[in-house]
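See below for the structure under consideration.
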Amino acid sequence: MHSLKPFLVCFLLIQLSMQTNAQTQNFEIQGHRGSRGLMPENTIPAFLRAIDEGVNTIELDVVISKDRKVIVSHEPYFNPQISTLPNGESATEETKGNIYEMNYKMVKKYDVGKRGNAVFPEQQKIAVHKPLLKKTIKAIEGYARKKGIEPLKYNIELKSLVEEYNISQPEVVEFSELIERIISKKLPPERVTIQSFDFNILKHWNREITAGNYPKVTLSALIEPLDNNDVTHNLQLLGFKPGIWSPYYKVLNEQVVHELHGKGIRVIPWTVNEISDIITVKEMGCDGLITDYPNRAKKVME
């Protein structure tokens, strides 16, 4: 009789391979501001490039203009590092403006891509402006259909600070309702995550979802690295259990990931760019990551 040992080893290797493939497939890659390391951040070309690189989720930020348009932008002003004024001069701290005091017709006249970004030398330099959220969704959905890929998820961050209410942004209720009106018309709730560092935003969305006034989207708690990173402390501040916990990756460890999983909360840290860190985060047991370089994450997954 031939030994069964070789067959047993082969069987175990197949099982291990299947388990590893399943974990990889369930690992969520979110393109930070689209693909900031490769294309101008929070622009339609950056989102389309992220799709080309195989992301599961498009991560983006939104702010509000004077005429109450929802604009895709990380800051409620024009970042002097990357922005060009309508007159062709580079934006400065004195001329960066306040988008909350500008109509979108004026916002479109500013360029946010042709100068590139010195922090991201691989980023392609192209002339491009800050897009509206509704047009961004339309472009992403159309491109995904054209490529024949599964519908993408969206992680939409409301850029909100308590000290900026009525200065560079609306207050919580108005800000939230402007976003909710768009996503209710454009996207199914199971494909949407709303995230924010401002727990007032998350508390409001949770109340409205519970009351049946808002679609049942996933809520993600963004955690500042310099704040108290204790899970219990932050859950007490939040007052409810979010679907996702999103801290800075350097404050995570396996114990914290295990604790959050024990509470039924997924863990998706930000912003993980180096291949060695991507591997560490995955091996730590996280459910995904947010990265400026989806091409690097894709390489690790492959």
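Residues that are in contact with a Gly (Cβ under 7 Å, 6 or more places away or on another chain) number at least 1 in the following helices (runs of 4 or more DSSP H) confined to segment 184-302: 199-210, 254-262, 294-301. Each residue in segment 134-163 was checked for being out of contact with any Leu (no Cβ under 8 Å at 6 or more places or on another chain) and either assigned to a loop (DSSP other than H, G, I, E, B) or buried (at least 17 other Cβ atoms within 10 Å of the Cβ) (or both), and 10 of them qualify.
If you go through segment 214-248 and pick out every residue that is within 16 Å of the chain's Cα centre (by Cα) and of a type in the set (Asp, Glu), you end up with 1. Scanning segment 82-111 for residues that are part of a loop (DSSP other than H, G, I, E, B), of a type in the set (S, T, N, Q) and either more than 19 Å from PRO170 (Cα to Cα) or free of Cβ contacts under 8 Å to residues at least 60 places away in the same chain (or both) yields SER83, ASN87, THR92, THR95, ASN103.
Contact map, segment 166-181: first residue at pLDDT 95 or above, second residue polar (S, T, N, Q) and assigned to a helix (DSSP H, G or I), Cβ cut-off under 6 Å, separation 6 or more or different chains; pairs are VAL172/ASN200.
The values are calculated or read from the model by the stated rules, or taken from the named source; none is laboratory data. Note that the structure is predicted; figures quoted are calculated from it, not measured. Neighbour counts run over all protein chains shown; Cβ positions are idealised from the backbone, glycine included.
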